[in-house]
1. Collect the residues in the range 1-28 that are within 30 Å of Lys93 (Cβ to Cβ), out of contact with any Ser or Thr (no Cβ under 8 Å at 6 or more places or on another chain) and either loosely packed, with under 11 Cβ neighbours inside 10 Å or touching a residue at least 60 places away in the same chain (Cβ under 8 Å) (or both), keeping them in residue-number order.
2. Name the pairs whose Cβ atoms lie under 8 Å apart, with the first residue in the range 77-97 and in contact (Cβ under 8 Å) with a residue 12 or more places away in the chain and farther than 19 Å from Ser44 by Cβ, the second loosely packed, with under 15 Cβ neighbours inside 10 Å and small (Gly, Ala, Ser), and 6 or more positions between them or separate chains?
Amino acid sequence: MKKELIICILIIAIIIITNVITQNYTKECVSQMNERLDILKEASLEEAEIKEESIVAEIQNIENKWNEFQEKLAFYIEHDELEKVETQIFAIKGFAEIKKYDEIVPELEKCTFILEHIQDKTKLNVKNVF
């Protein structure tokens, strides 16, 4: 009986520690992606001629950062959720390629919303448990 109790406590501790680690990593990823998306939003609202170069460079940075994060996030987050973010990034990239910079901002907002949804969905709270 004592052995089973120790094993159960150990399993619960491992689950909690793993959850804290994954939540912190998810929070870090969402934070960094939101910073990049905000930079891109500011660049797309500029009226300068260097706008195009800065937008293309920032989209490339966002895409690279997302690919880096996605490799680790895929271990514990549903792939459908990750694909939604990737779809938004490709939409942003597509609008930039056809130079419709005013269409980028709504896509950025959708991407931010999806990232925050992923972060909320992975939190350990009563709402997500039941």
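1. Taking the range 1-28 as the starting set, the residues that turn out to be within 30 Å of Lys93 (Cβ to Cβ) are 22-28.
Narrowing the set further to residues that are out of contact with any Ser or Thr (no Cβ under 8 Å at 6 or more places or on another chain) leaves 24-25, 27-28.
Across the range 1-28, the qualifying residues are Asn24, Lys27.
2. From the range 77-97, the pairs are Leu82/Ala74.
The rows are residues; the columns are (1) surrounded by 14 or more Cβ atoms within 10 Å (Cβ to Cβ); (2) under 11 Å from the mean Cα position of the chain (by Cα); (3) among the hydroxyl-bearing types (Ser, Thr, Tyr); (4) at pLDDT 95 or above.
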position: Glu58; (1), (2), (3), (4): yes, no, no, no
position: Ile62; (1), (2), (3), (4): yes, yes, no, no
position: Asn67; (1), (2), (3), (4): no, yes, no, no
position: Phe75; (1), (2), (3), (4): no, no, no, no
position: Asp80; (1), (2), (3), (4): no, no, no, no
position: Lys93; (1), (2), (3), (4): yes, no, no, no
position: Tyr101; (1), (2), (3), (4): yes, no, yes, no
position: Pro106; (1), (2), (3), (4): no, no, no, no
position: Gln119; (1), (2), (3), (4): yes, yes, no, no
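The values are calculated or read from the model by the stated rules, or taken from the named source; none is laboratory data. Just so it is clear, the model here is predicted, and its values are computed rather than measured. Glycine also receives a Cβ, built like all others from the backbone with ideal geometry; neighbour counts cover every protein chain displayed.
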